[in-house]
Amino acid sequence: MAKKDKSRQKKFDTRIDFTPMVDMNMLLITFFMLCTTMLKSQTLDLVLPTNDNINKEEETKIKESDAITFILDGTLDKDGQRSTNGKIYYYEGQPDMENFTLNEIKFGNDKDAIRGMLQKRNKELLDQVNKFKEEWKTGKINDSIYNAKVKEARAKQAEDLNAKRPIIVIKPTANACYADVVHMLDEMQINQISTYQLETLNKQDSTLYEHKVGHALGAQ
Amino acid sequence: MGKVKIKKKSTHIDMTAMSDVTVLLLTFFMLTSTFLQKEPVQVITPPSVSEEKVPDEKLVQVLIGPDGKVYLNLTGAKDSTQLSTETFRSEVLQEAYGSYSETHPSAPKLTMQQALEFSKIGTFGVPMKDLTSWLGMKMEKRDDFLKNEGGIPIAISVKDGPRNEFQTWLNAVKVVMQRHDLGKDLVGGRGVAIKAGQDSPYSLVQVVMDNLQTEKLNKFTLMTSLKSEEE
């Protein structure tokens, strides 16, 4: 009898309807997609000189002839918005206080833009780096070796006092746009320039600027 | 005439596979993404070719709004044996408010409750005189206050002069991090990040940099967004 009972037991459908589960999961996915971010911000390292008084002997001597000073200036758009493409002026070596020469230059990849100018100046190192890059592209060397080689080449250039290398001084005016300053720092990275500095305008720079633009700093 | 027999098909679709996929997707999103930070001002960071990621621990983030308001965000170490974010925040608060009270004896005392409240707040930045009342506010009111009347008072630093409030905070951060043997992480160059909008005038950023320099934090990073290298 017992055996017969068992065989008569009702068979349950073992399938479960997953539709509500899918609904809930979709909701959760939507929530995560909207409330979270996958993007992680990048950073640009920057080192400023210390404010401590250091001995004159400890200061690194640089050749003035190698120095290029860039003055970044901002302009206002028609709608009064700060333009992200401000004007850039530069002079080489010492400021020319007799003729007040101040050249204008633009961001960009052209020969006569900043990229071309810096490339020409830092040719020795860039040629080396490009050689490494070529090797890296063809798969001869991997990422870490490439980075190490570039680092080594840069260090070698920094140590060799006779090497021809540009020394860049970036001087943004109060009007300059933050994006322009970052763009300028980017150019340093792209062109493998290891000696650059962010400074404020001194009196001579302001005089040059005034002669070039026709009005004093800060006045519009 | 023979009846046309329509075969009855079950309309049920097996959702198991679908469910598998969604669970996988969900897991992916949960593991890879981070929650959006609530910030009093929204800024778009300038594009840069730099590929280094912002560190996600032991970080002091300085947020500069388009109108020059300055906020701070402190993150402690991920490693639980080291300084946690909560302890970091509350210790910095006590340190900074302590040195403020020294010069302002009439300032209201900070309660433990307020310190605890502060340790849960991500981005902060109110003048010291409003600090205790700000911590006593309700969450929504606090955000409004931060947006409208917030911002840590900052000025071009005076050589050997008294610290401004921003410098007081920086100094407090420094003291706390050194107390927990994390001083190297702070001054090493990856400890301080400046976040400013790309359209902000440089002068606003310069003020912050100047103050960092005065507090001997002359190595730091600028937060940027990725841009591919134009060749």
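The values are calculated or read from the model by the stated rules, or taken from the named source; none is laboratory data. Everything numeric in this text was worked out from a predicted model, so none of it was measured. Virtual Cβ from ideal backbone geometry, glycine too; neighbours counted across all protein chains shown. Accessible surface areas use protein heavy atoms only, side chains included; no ligands, DNA or RNA. Shrake-Rupley method; radii C 1.70, N 1.55, O 1.52, S 1.80 Å.
Restricting attention to region B:198-226, the residues that are at the interface with chain A (Cβ under 7 Å from one of its Cβ atoms) and either of a type in the set (Gly, Ala, Ser) or more than 16 Å from the chain's Cα centre (by Cα) (or both) total 15.
Based on this model, can you work out whether residue B:74 counts as part of a helix (DSSP H, G or I) and of a type in the set (A, V, I, L, M)? It would help to see each step written out before you state the result.
Working: part of a helix (DSSP H, G or I): no; of a type in the set (A, V, I, L, M): yes.
For residue B:74, the condition - part of a helix (DSSP H, G or I) and of a type in the set (A, V, I, L, M) - is not met.
Going through A:191, A:130, A:142, A:147 one at a time, which residue ends up being more than 12 Å from chain B (Cβ to nearest Cβ) and either at negative phi or touching a residue at least 40 places away in the same chain (Cβ under 8 Å) (or both)? Full working, then the answer.
Working: A:191 fails: more than 12 Å from chain B (Cβ to nearest Cβ); A:130 fails: more than 12 Å from chain B (Cβ to nearest Cβ); A:147 fails: more than 12 Å from chain B (Cβ to nearest Cβ).
Only one candidate qualifies: A:142.
Residue pairs whose Cβ atoms lie under 9 Å apart, sitting 6 or more positions apart in sequence or on different chains, and linking a residue in region B:31-60 that is over 24 Å from residue B:124 (Cβ atoms) and part of a strand (DSSP E or B) to a partner that is aliphatic (A, V, I, L, M) and open to solvent by 70 Å² or more (accessible area, probe 1.4 Å), are B:47/B:226; B:48/B:226. For region A:24-43, residues that are at pLDDT 85 or above and open to solvent by 90 Å² or more (accessible area, probe 1.4 Å) total 5.
Checking each residue in region B:15-50 for being facing another protein chain (nearest Cβ under 7 Å) and open to solvent by less than 50 Å² (accessible area, probe 1.4 Å) picks out B:15, B:16, B:19, B:22, B:26, B:29, B:33, B:45, B:46, B:48, B:49, B:50.
Within region B:111-121, how many residues are surrounded by 16 or more Cβ atoms within 10 Å (Cβ to Cβ) and of a type outside the set (Ser, Thr, Tyr)?
Our first condition is that a residue be surrounded by 16 or more Cβ atoms within 10 Å (Cβ to Cβ); within region B:111-121, this holds for B:114-115, B:117-119, B:121.
The next check asks that each one be of a type outside the set (Ser, Thr, Tyr); those that pass are B:114-115, B:117-118, B:121.
Summing the residues that are surrounded by 16 or more Cβ atoms within 10 Å (Cβ to Cβ) and of a type outside the set (Ser, Thr, Tyr) in region B:111-121 gives 5.
Name the residue, out of B:170, B:217, that is modelled with pLDDT under 90, farther than 24 Å from residue A:173 by Cβ and open to solvent by less than 60 Å² (accessible area, probe 1.4 Å). Explain how you work it out, then say what you get.
On the way: B:170 fails: modelled with pLDDT under 90.
Going through B:170, B:217 in turn, the sole match is B:217.
Taking the numbered list (1) surrounded by fewer than 21 Cβ atoms within 10 Å (Cβ to Cβ); (2) away from every other protein chain (no Cβ under 14 Å) in turn, residue B:186 passes all entries but (1). Residue count for region A:21-39 under the criterion of being facing chain B (nearest Cβ under 7 Å) and either assigned to a helix (DSSP H, G or I) or over 31 Å from the mean Cα position of the chain (by Cα) (or both): the result is 9. The single condition from (1) at pLDDT 75 or above; (2) in the same structural domain as residue A:199 (by TED's automatic domain parsing); (3) open to solvent by less than 70 Å² (accessible area, probe 1.4 Å); (4) under 27 Å from residue B:210 (Cβ atoms) that residue A:46 fails is (2).
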